Amino acid sequence: MPNLTKALLVAAALSCTALAGCTSTESRKSETTAKSQAPAPKKSDAATPEESATQTLDDSVVTAKVKAKLVDDPVTKAYQINVETFKGTVQLSGFVDSAEAATRATSLAKDVGGVKDVKNSLQVRKSEG
Amino acid sequence: MQLKVLCAVAAAAFALTACNKQESAAEVQRDVSKAQADAQREVADARADVKEANADADRKVANAITDHDQDDVAKAAHDANETADKGKEKIVIAQAEADHKIAVEKCDALEGSQQRQCKDDADKTLDQAKEAAKANR
C-alpha cells in the first residue's frame, strides 16, 4: 500500500511538471506573437541615444561654422551675436546697430552648410553719439 | 623654294578650312549627346568630391568640439567654411565647363565665320562664369 501511494505521488509530481512545462511554452509563444503582431515603432517617433548624440554634435558643428562665418565677415565681426542651433535651425540673438547688419548676419548663416533655417532674433539698437 | 612656300600656304589654308568645317546634323547630334553625357558625369564627379571634402572638414570641426579645444574649433570651422566656398566654386565651374563643351559641339552645325563666332561666344560665356564664381567667393 505505501508503495502505491509513492507511485501515485511520483505520477502526480510528473504530471504537474509536464503541465507546467506546457503552460510556460504557451505563454512564451503568446509573447512572441504579441511582439510580432505589434506595429513596428516608427523611426521618427523617437531618436535613439546615438542618433540624438549625433544630432547634437551636428548642431554644434553648424553653430561653430556660423560663428566662424560671422567673425570672418567685415560687417558682422563687430557684434557679439549669439548662435544656437537645434536640428539644423539656427537662432541668432543679441544686438546690432543696423537692420543691414541683422540681414547680413541672417544671410551669412543661411549660407553655411547644414543650416536648414535661420530665426533672426537680433535686436537693432542704434548706438548713441 | 617657291614650291615649298606654296605647299606651306596651301597646307595652312586647308587646316583653317578644316577647323571651321561644318558637320552634318547627325554628326553634331552624336557629338552633342556625347558631350552631354560627359558633362553630366563630370558635374556629378565634382559634386561627389565636394560632398566628401565638406564631410571631412565637418568631421574635423566635430573632433575639435569633442576635444573641447575652442581654438581648434574656431580654426576648423573657419576651414570648413573655406572648403564649402571652394566647393561651391568648383561645382559652378564644372557646370560652366560642361555647358561650354556642349555649346562648342553645337557650334559645329554652323560653318566658317559663324562657327568661329559661335565658339568665341561659348569661350566668353565660360570665362564670365568662371569670373563670377570667383567673385562670389
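Modelled this way, with points 7 Å down the Cα-to-C-beta line, the labels at A:Lys116 and B:Arg116 are 5.7 nm from one another. Separation of the alpha carbons by more than 32 angstrom is noted, of A:Lys126/B:Lys134; B:Lys75/B:Lys130; A:Lys87/B:Lys34, for A:Lys126/B:Lys134; A:Lys87/B:Lys34. Using a ≥ b ≥ c from the Cα gyration tensor of chain B (square roots of the eigenvalues), is it rounded, prolate or oblate, where a/c under 1.5 gives rounded and otherwise the larger of a/b and b/c decides, a/b for prolate? Cα axes put chain B in the prolate bin. Near A:Ala99: Cβ cut-off under 14 Å, other residues only, Lys/Arg at +1 and Asp/Glu at -1. The net charge is +1. Among the aspartates and glutamates, which have Cα under 16 Å from the Cα of B:Lys21 when same-chain residues fewer than 8 positions away are ignored? Here the aspartates and glutamates satisfying the reach criterion relative to B:Lys21 are B:Asp31, B:Glu105, B:Asp108, B:Glu111, B:Asp120. Just tell me which aspartates and glutamates come within less than 12 Å, Cα to Cα, of A:Lys69; anything on the same chain fewer than 8 places away is out. List returned: A:Asp111, B:Asp79, B:Glu82, B:Asp85.
Surface composition of segment B:40-105: carbon and sulfur atoms hold 51% of the protein heavy-atom accessible area at a 1.4 Å probe. Label-to-label distance for A:Glu50 and A:Lys126 is 5.7 nm, based on points extended 7 Å past Cα in the beta-carbon direction.
Computed on segment B:37-89, with alpha-carbon pairs under 8 angstrom and 6+ residues apart, the relative contact order is 39 percent. Between A:Ser107 and B:Arg41, the C-beta separation translates, for a Förster distance of 25 Å, into a calculated FRET efficiency of about 0.15. Measuring between alpha carbons in the structure, the pairs from B:Lys51/B:Lys88; A:Lys116/B:Lys88; A:Lys116/B:Lys60; B:Lys51/B:Lys90 lying more than 19 angstrom apart are A:Lys116/B:Lys60. Mean separation of Cα pairs under 8 Å and 6 or more residues apart, divided by the residue count, gives segment A:72-129 a relative contact order of 37 percent.
The values are calculated or read from the model by the stated rules, or taken from the named source; none is laboratory data. Computed from a prediction, not measured in an experiment: that's the story for all the values here. Every residue, glycine as well, gets a Cβ built from its backbone with ideal geometry; the counts of neighbours run over all protein chains shown. Remember, those area values only see protein heavy atoms, side chains included, never the ligands or the DNA or RNA. Shrake-Rupley method; radii C 1.70, N 1.55, O 1.52, S 1.80 Å.
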